[in-house]
Amino acid sequence: MTRPAPLRQTTHTTHTAADSTYGSRTWRPTMAIAITDSPDDNRYEARIDGRRAGIAEYMRTKESGLVVFTHTEVDPEYNGQGVGSALARAALDAARADGLKVLAVCPFITGWMARHPDYQDLAYQSRSKVED
């Protein structure tokens with residue numbers, strides 16, 4: 001069973017030298033990236049024109065209020081086209097909607113969160129008081 005992620009579809013943009021709206025460059029859409037949550041497989045899937053372009057794997061338990069992102073992978077054909085970013089944004093938006101904190105052990109998700117301060121509130125912080 002799959003459920004649409006909060007961000008069902010995003011339009012990736014690319015920098016081109018056509019019509020100047022930002023200096024000598026403009027942004028224009030290049031492709032639609034559909035993101036769905038596949039909870040039976042514990043991953044979000046990105047599809048472009050029906051083909052799987054990438055995944056973001058996770059472990060989630062409602063009881064702990066935590067989702068752990070373990071691995072993100074983009075098909076080499078789609079590298080550098082915003083697929084990983086679309087996966088990260090959709091997955092983190094879903095965590096926020098579900099009231100979950102995020103533990104990112106995946107380097108991609110960790111780096112993405114670091115570059116997007118508006119997602120820092122989702123970061124899990126250990127509250128252990130254990131001392132040596």
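The values are calculated or read from the model by the stated rules, or taken from the named source; none is laboratory data. Only a predicted model underlies this, so the values are computations on that prediction, with no experimental measurement involved. Heavy atoms of the whole protein, side chains included, go into the accessibility calculation; ligands, DNA and RNA do not. Shrake-Rupley method; radii C 1.70, N 1.55, O 1.52, S 1.80 Å.
Using θ = phi - 60° and the Karplus relation 6.51 cos²θ - 1.76 cosθ + 1.60, list the HN-Hα couplings for the stretch 95-104 in order, rounded to whole Hz, with x at every Gly or Pro.
4, 4, 4, 8, x, 9, 7, 10, 10, 9
Ordering 52, 43, 127 by how much accessible area each has at a 1.4 Å probe, largest first, what is the list?
Largest accessible area first, the list is 127, 52, 43.
What does DSSP give for the stretch 50-132 in terms of the percent of beta bridges that are antiparallel, rounded to the nearest 5?
On the way: 8 of 13 bridges.
Antiparallel: roughly 60 percent of the beta bridges in the stretch 50-132.
Suppose the chain between residue 130 and residue 62 were pulled fully straight at 0.36 nm per residue; how much longer would it get relative to their current alpha carbon spacing? Could the numbers behind the result be given before it?
Values: separation 68, 0.36 × 68 = 24.48 nm, distance 2.47 nm.
Stretched out fully, the residue 130 to residue 62 stretch lengthens by 22.0 nm.
Provide the per-residue ³J(HN,Hα) series for the stretch 47-55, in order, calculated from phi with Karplus coefficients 6.51, -1.76, 1.60 and θ = phi - 60°, each as a whole number of Hz, with x at glycine and proline positions.
10, 10, 6, x, 9, 5, 10, x, 9
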